[in-house]
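Here's the structure we're looking at; comments come further down.
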Amino acid sequence: MTTSTLYPDTLQASRQRRQLQLGLALLAIALVAPFVAYPIFLMKILCFALFACAFNLLLGYVGLLSFGHAAFLGTGGYITGFLLTRYSGLTPELGILGGTAAATLLGLLFGLLAIRRQGIYFAMITLALAQMTFFIYLQAPFTGGENGMHGVPRGKLLGLIDLKNDLAMYYFVLAICLSGYLLIRRTVNSPFGQVLYAIRENEPRAISLGYNVAAYKLLAFVISAGIAGLAGATKTVVFQFASLTDAHWHMSGEVILMTLLGGVGTLLGPVVGSSLVVWLHHVLGGSVLGSWMGTILGTIFVLCVLLFRDGLVGYVQKFVRRNLR
Amino acid sequence: MSNVVLETRGLTKEFNGFTAVDSVDLQVQQGHIHALIGPNGAGKSTFFNLLTRFLPATRGEVLYRGKAIGTLAPNQIACQGLVRSFQISAVFGHMSVLENVRVALQRPLGTSFHFWKPASSLDRLNQRAMQLLEEVDLQGFATRKTVELPYGRKRALELATTLALDPQVMLLDEPTQGMGHEDVERVVELIRKAAVGRTVLMVEHNLQVVSSLCDRITVLARGKVLAEGDYPAVSANPQVREAYMGKEAAHV
Ligand SMILES: Nc1ncnc2c1ncn2[C@@H]1O[C@H](COP(=O)(O)OP(=O)(O)O)[C@@H](O)[C@H]1O
Ligand SMILES: [Mg+2]
């Protein structure tokens, strides 16, 4: 999975070829999608997919359950919104960069406080810190409190390309999300990723091999927070709007659902899971079932945990592996 | 006494009033294979945890190469060449056998935080990893997923992974536990080979192994050192016979 020379060449080559084919097919779909579906809807999916991928880097590849990732999504969004509203000369990519940097720093702060805790304690501390962040955003004047932050300008990309055009915006968002995804993919398949893998498999043994596991977990946490912030920042530019919804603990819960539904610890799982959840919101939101949304998502969550431990992508992978060897 | 590589002075561990390790003074000579024996619950594993700071000591100190290491973190102790194994086999189950060894080899490269580099940048370690696997006779398993290995092979892999760090002192906690006769012999030979130029402190229940392999033996009972010496001296000690060998003497 991670290394090139360790598996019999044919098996390795055919797997790589399959992955490349799948990747190209998905890319082709993503490129033509805005001509078939609403670009805004697609961009929403992309942002949440990136958010879920960032979350999955922690849960799936380090084994840490963060219950506070909404704080990073929200921070990315608010800081970017603030920068772009306040400084009219700022181009959108710089605004997004600023929001991402802020989320990364917040991730460092959360990480320093939480990373040495195990299991449920880690989840609880991240939740508590995220709640504090939420209340700060609720009170702080620049966020607009419960009304949200409106009228964030999309501006011109690099000062050249007007992002008011939804199609231009879409391809910009696609480029961002793809870069984020590739960064996560590389992180998992890097020397650093190997150590993370070892830590997840057997932490005491990783320590006894000389690894300072807290430092490795912290770096993973910061990367994850930064990419979650990137997702939030991008989302704000798309919708020209940032709100408390993104920083609310519901959002931290929903990203868990997205990841589990798609398949935790698979690279594409969170993409599939988040697409499904966003689509469900879209379909059910306008219907009579809208008020049942929470119940429906909760039921799916329970079914996932009870029946589809590996998630949709995990399930498909197992099937493919069994039948295509 | 300059050739003492590892020493404890009054090392003590209390768990809520229960003293698991009771002011142990121990000296391990450089180059020795030193056995730590004693009945179950004697405190041997706890003692290992204290040596490597996986547990903080209640009192006393550990000196490694003449320096107190009480302020170091467990991973720093490993970096200084004092490397432990675990009583339960500790391998990375879903990594390949080769990757298990390689993850130990990669730390000196200094790229272990480089999340932007491809994992294939570690491929230059494969050759060294294969050599280590050959030393424990696992070269045929290199590409296998580690969980698929039989128990004895996992323990051999653990040894290869430890050796990948080129440790000065190896602490082995019951390396032959739960093994069949053939596996025991293989592991004993491995340890003998691996111990050349190093120091080994090992917990071992199998007295045949102890007598054939170890230069010196310390007997621990209820957290205290009961006796120490070479095999004939220790096995002749009436207290030891009573506390420990009584049941197992027939085994020898
Ligand atoms: N974390 C712990 N908390 C409380 N008691 C412990 C702990 N670890 C070990 N003990 C106790 O310390 C004693 C020594 O255990 P251990 O070192 O595992 O013995 P050995 O390895 O010699 O069989 C046992 O009575 C055990 O119950
Ligand atoms: Mg023990």
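The values are calculated or read from the model by the stated rules, or taken from the named source; none is laboratory data. What you see is a predicted model, and the numbers here were worked out from it, not measured in a lab. All Cβ positions, even for glycine, are placed from backbone atoms using ideal geometry, and neighbour counts span all protein chains on display. With ligands, DNA and RNA removed, areas are computed over all heavy atoms of the protein, side chains included. Shrake-Rupley method; radii C 1.70, N 1.55, O 1.52, S 1.80 Å.
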Checklist entry - From the list B:227, B:233, B:221, B:164, which residue is surrounded by 19 or more Cβ atoms within 10 Å (Cβ to Cβ) and away from ligand 1 (no atom under 16 Å from the Cβ)? => result B:164
Item to check | Meets criteria (without any contact (Cβ under 8 Å) to a residue 60 or more places away in the chain and closer than 30 Å to residue B:11 by Cβ) for residue B:113 | outcome: no
Next on the checklist: Checking residue B:177 against (1) outside the structural domain of residue B:203 (by TED's automatic domain parsing); (2) open to solvent by 10 Å² or more (accessible area, probe 1.4 Å); (3) at negative phi, only one condition comes out false. Which one?
Outcome noted: (1)
Checklist entry - If you go through the range B:20-32 one residue at a time, do you hit one that is more than 8 Å from ligand 1 (Cβ to nearest atom), among the hydrophobic types (A, V, I, L, M, F, W, C), assigned to a loop (DSSP other than H, G, I, E, B) and under 20 Å from residue B:217 (Cβ atoms)? => result no
Checklist entry - Can you tell me which residues in the range B:66-76 are away from chain A (no Cβ under 14 Å) and either within 16 Å of ligand 1 (Cβ to nearest atom) or polar (S, T, N, Q) (or both)? => result B:71
Checklist entry - Between a first residue in the range A:132-160 that is under 14 Å from residue A:248 (Cα atoms) and a second residue that is exposed (fewer than 11 other Cβ atoms within 10 Å of the Cβ), which pairs have beta carbons less than 9 Å apart while being 6 or more apart in sequence or on different chains? => result A:138/A:146; A:145/A:139
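Filter the range B:88-105 down to the residues that are of a type outside the set (A, V, I, L, M, F, W, C) and buried (at least 24 other Cβ atoms within 10 Å of the Cβ) and list them by number.
Here is the first cut: in the range B:88-105, the residues of a type outside the set (A, V, I, L, M, F, W, C) are B:89, B:93-94, B:96, B:99-100, B:102.
Of everything in the range B:88-105, those that are of a type outside the set (A, V, I, L, M, F, W, C) and buried (at least 24 other Cβ atoms within 10 Å of the Cβ) turn out to be B:99, B:100, B:102.
Looking only at the range B:6-17, filter to residues that are within 13 Å of ligand 1 (Cβ to nearest atom) and within 23 Å of residue B:239 (Cα to Cα); which one of those is nearest to the other protein chains (Cβ to nearest Cβ)? Write out each step before concluding.
Going residue by residue through the range B:6-17, those that are within 13 Å of ligand 1 (Cβ to nearest atom) are B:11-17.
From what is left, the residues that are within 23 Å of residue B:239 (Cα to Cα) are B:11-12.
Details: B:11: 19, B:12: 22 Å.
Selected residue: B:11.
Restricting attention to the range B:54-65, does a residue exist that is away from ligand 2 (no atom under 16 Å from the Cβ), of a type in the set (A, V, I, L, M, F, W, C) and outside any strand (DSSP E or B)? Step through it out loud before you land on a result.
Here is the first cut: in the range B:54-65, the ones away from ligand 2 (no atom under 16 Å from the Cβ) are B:56-65.
This time we only want the ones that are of a type in the set (A, V, I, L, M, F, W, C), so: B:57, B:62-63.
If we keep only those that are outside any strand (DSSP E or B) too, we end up with B:57.
The answer is yes; a qualifying residue exists.
For the range A:188-210, how many residues are touching a residue at least 60 places away in the same chain (Cβ under 8 Å) and either within 16 Å of residue B:97 (Cβ to Cβ) or within 7 Å of chain B (Cβ to nearest Cβ) (or both)?
If we filter the range A:188-210 for residues that are touching a residue at least 60 places away in the same chain (Cβ under 8 Å), which is where we start, we get A:188-189, A:193-194, A:196-197, A:199-200.
Retained after the next criterion (residues that are either within 16 Å of residue B:97 (Cβ to Cβ) or within 7 Å of chain B (Cβ to nearest Cβ) (or both)): A:189, A:193-194, A:197.
So the count comes out to 4.
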Checklist entry - Looking at A:227, A:223, which is the one that is within 14 Å of chain B (Cβ to nearest Cβ), farther than 24 Å from residue A:309 by Cβ, touching a residue at least 12 places away in the same chain (Cβ under 8 Å) and touching a Cys at 6+ places or on another chain (Cβ under 8 Å)? => result A:227
Item to check | Cβ pairs under 8 Å, 6+ apart, first in the range A:296-312 and open to solvent by 50 Å² or more (accessible area, probe 1.4 Å), second of a type in the set (D, E, K, R) | outcome: A:310/A:318
Checklist entry - Is there a residue being under 25 Å from residue A:231 (Cα atoms), buried (at least 23 other Cβ atoms within 10 Å of the Cβ), polar (S, T, N, Q) and within 14 Å of chain B (Cβ to nearest Cβ) anywhere in the range A:173-180? => result no
Checklist entry - Is there a residue in the range B:19-37 that is within 16 Å of ligand 2 (Cβ to nearest atom), under 21 Å from residue A:214 (Cα atoms) and either within 14 Å of chain A (Cβ to nearest Cβ) or open to solvent by less than 20 Å² (accessible area, probe 1.4 Å) (or both)? => result no
Checklist outcome for this item: Filter the range B:42-65 for residues that are open to solvent by 40 Å² or more (accessible area, probe 1.4 Å) and without any contact (Cβ under 8 Å) to a residue 40 or more places away in the chain; the one that is farthest from the other protein chains (Cβ to nearest Cβ) is B:56
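Restricting the range B:6-56 to residues that are of a type in the set (Asp, Glu) and over 18 Å from residue B:77 (Cα atoms), which is farthest from the chain's Cα centre (by Cα)? Quick ask: steps written out before the conclusion?
Initially, the range B:6-56 is screened for residues of a type in the set (Asp, Glu), giving B:7, B:14, B:22, B:25.
Cutting the leftovers down to over 18 Å from residue B:77 (Cα atoms) gives us B:14, B:22, B:25.
Numbers: B:14: 22, B:22: 21, B:25: 19 Å.
Out of the qualifying residues, it is B:14.
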Checklist entry - In the range B:91-205, which helices (runs of 4 or more DSSP H) lie fully inside it and hold 3 or more residues that are more than 14 Å from the chain's Cα centre (by Cα) and either among the polar types (S, T, N, Q) or at the interface with chain A (Cβ under 10 Å from one of its Cβ atoms) (or both)? => result B:97-105, B:126-135
Checklist entry - Does any residue in the range B:158-179 that is in contact (Cβ under 8 Å) with a residue 12 or more places away in the chain and within 12 Å of ligand 2 (Cβ to nearest atom) come within less than 7 Å, Cβ to Cβ, of a residue that is open to solvent by 10 Å² or more (accessible area, probe 1.4 Å) and of a type in the set (Ser, Thr, Tyr) six or more places away or on a different chain, and which pairs are these? => result B:173/B:45
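Of all residues in the range A:73-116 being of a type in the set (Ser, Thr, Tyr) and surrounded by fewer than 24 Cβ atoms within 10 Å (Cβ to Cβ), which is nearest to the chain's Cα centre (by Cα)?
In the first step, residues of the range A:73-116 are kept if they are of a type in the set (Ser, Thr, Tyr); the result is A:75, A:78, A:80, A:85, A:87-88, A:91, A:100, A:104.
In the following step, the residues that additionally are surrounded by fewer than 24 Cβ atoms within 10 Å (Cβ to Cβ) were identified as A:85, A:87-88, A:91, A:104.
Working: A:85: 25, A:87: 27, A:88: 28, A:91: 24, A:104: 13 Å.
In this case the residue turns out to be A:104.
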